[in-house]
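Taking it in order: structure first as structure tokens, then the write-up.
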Amino acid sequence: MSKKDLKKNQAEETAEKTASDAAEAVSEAASAVKEKAPKVKTGMKKFKYGTMSLIVVALVLAIVIVINLMSSMISKRYPIKFDLTPDKRYELSDESINVLKNLSGDVDVTVTMEKEMFESLANYYKQMYAQYGINADVPYDMIPNLLEKYSMYAEQGKGSVNVKYVDIDKDPDVVAKYKQYYNGDIEGGSIVVYSNEKVKVISGTDVRNMIQADQASLQSGTPNFVFAGESALTSAIRNVTDSNAMKVAFINQLNGQPIYNENEYGAAVTSLRDSLLEKNGYDCEDFDIGTDEFKDGDYDMAVLAVPSYDLAENVITKLSDFLYNEGKYGKNLIYIPSIYTSNLTNLDAFLEDWSLKVENNVIVDDKNAMMRADYIMLNITDDASIGDLPNKSLPIIAPASREVTILSKNNEDVTKSVLSSSDNSFVRDLLSNQADMDNRASHTIVALSTKEHAEQFDTFKSNVLVIGSALMTDETFLAQTNTYNNANALLGVVNNMTGKAAGTVIPEKSLQQAYIAPTQGQAKAIRIVVQWIIPAAVAIIGAFVLLRRRNK
């Protein structure tokens, strides 16, 4: 080995020894530092991590509980449920919301069956339709869902709507307190609305009829359902809270005999009474014009609809005295002639005294009509008498209407046309059935006559409203508020005539069959998951983490 190589090996051995000695020195120094450093107790470490885990779990649970409580409180006043159905079936109309927000008192709504029965009712009708090969969902769960909204929106005002469900077969005394304010029977499955010692009962039959199928659509196998329950519920609440309810003498008899032909006009008269007047704050009572009396202050308005015969002079005098009201006026009358009667001498003389005449003809329009030429579409000739309509584009239909003529005015009468036919309309004589197609012009269908009497700074008025078409008030035209304007137009003129606070007809809802929405059972399951299962899972996971860290 050369000297150069020897020196190289010696240098490498010296470097290795030096590195080894340095490493040993570092190791000895580290051991010395470790021995001198204070030792952390294992118990303290576990306590530290365990305490932090416990605090985190407690905070999470507290946050979850507070969020649930806040959600519960907020849900009573503001909607936190979003209606994703295309027909907005679980939301109230603006008209109902306004009624609820303007409540000044408390309303009790008692449903005389358990809440789960609505889902059972939906299943029953679904199975019934299935027997005929029709696949249809009948969403009766809308009713309890909407009742929740009634309570919620009422909380935003000064009043409240308190809803409860009771089984009156198990607890019949629950409706006993309403008996002193209501003469009829309260059956299971009905809805009782109470406030200020006033009771309105929606019968079990009417509750089931809140959802109805269009008969034509049933035949096609794809039924279209219409929901009219909101109208019934809101109207009932409005009636029991209305401090300015009008009492109406609904003249249906003369000395025990029917005034009108039930077969011809029964449906239209019933609809006028129940669907238009009763639902909108008019308290109607049957009245025998021959034997009953118009006592002072008892009635604000009388209705004489489609009489089949003339009235005796003493009966006409009773009507005139009611409107004159000993010079105080302040009374109203609605008169509707029948298409089947003419030349009623005493009634014609009574109307003439109010500068009005019902002609012996029928209005026909071969361009501005629906279904038939005598189902004419009307124009509004006096906006002030009707007021604002929610949807002015909807037609007002007057089937088989007689012409109402405004006679020359006397000094006391203010008479005006309210609704009329188009300029294309013509008349057909009732007796000869001859049509005068060459003379086309606008003809008055609804007219209002007012007698005024002034004393110093006060003016007293009585009104007579003549509606030429009895079928204007048929349920077909009054109920289908998304199709026709009959209900809103007639209600507007009656409210303006009587001085009653303006109100609108609650629109019906057309229900679509294709939608994504949980059933009542599914909604309950979702509520349990959100309010109980998720918080419980968070607590269990937190406890597991805590125990695991304690054992480390």
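The values are calculated or read from the model by the stated rules, or taken from the named source; none is laboratory data. All values reported here derive from a predicted model rather than from experimental measurement. So basically every Cβ, Gly included, is an ideal-geometry build from the backbone, and we count neighbours across all protein chains shown. Accessible surface is based on the protein model in full, side chains and every heavy atom, while ligands, DNA and RNA are left aside. Shrake-Rupley method; radii C 1.70, N 1.55, O 1.52, S 1.80 Å.
Quick notes on this structure:
- Cβ crowding within 10 Å averaged over residues, with 322-329, 140-147 ranked highest first: 140-147, 322-329
- Region 181-286, dipole about Cα centre (Lys/Arg Cβ +1, Asp/Glu Cβ -1), debye to the nearest 20: 240 debye
- Of M370, M113, the order by accessible heavy-atom surface (1.4 Å probe, DNA, RNA and ligands excluded), from most exposed downward, is M370, M113.
- Cut-off 16 Å, label 7 Å out along Cα→Cβ of Y309, residues of region 344-368 by amide N: 344-347
- Quotient of C-alpha Rg and 2.2 N^0.38 Å, computed over region 442-511: 1.40
- For region 165-202, the residues whose backbone nitrogen is under 19 Å from a point 7 Å from the Cα of Q212, taken along Cα to Cβ, are 190-191, 201-202.
- In plain terms, the chain from S120 to N346 could stretch by 75.7 nm, reckoned as 0.36 nm per residue minus the Cα-Cα distance.
- Inter-site label distance for T476 and S442 at 7 Å from Cα along Cβ, in nm: 2.7 nm
- Note on region 355-466: Cα Rg divided by 2.2 N^0.38 Å, N the number of residues, gives 1.20.
- Net length gained if the chain between K177 and S243 were fully extended (0.36 nm per residue, minus Cα distance): 21.6 nm
- Dimensions of region 108-194 based on its C-alpha atoms, expressed as ranges along the principal axes with the largest first, amount to 47, 32, 20 Å.
- Qualifying aspartates and glutamates (Cα of each under 19 Å from Cα of K115; at least 8 residues distant if same chain): E91, D137, D141, E148, D167, D169, D171, D173, E187, D206, E230
- Estimated inter-spin distance, S203 and K295, nm [label 7 Å along Cα→Cβ]: 2.8 nm
- Inter-probe distance in nm under a simple model that places probes 7 Å from Cα toward Cβ, at N263 and N325: 4.0 nm
- Put simply, the Cα atoms of region 149-244 extend 47, 34, 25 Å along their principal axes, the longest span coming first.
- Computed about the Cα centre, the dipole magnitude for region 342-481 is approximately 280 debye when only Lys and Arg (+1) and Asp and Glu (-1) carry charge, each at its Cβ.
- Highest mean packing comes first when the peptides 478-488, 200-210, 427-437 are listed by Cβ atoms within 10 Å, giving 478-488, 200-210, 427-437.
- Accessible-area composition of region 208-292, carbon plus sulfur, in percent [1.4 Å probe]: 41 percent
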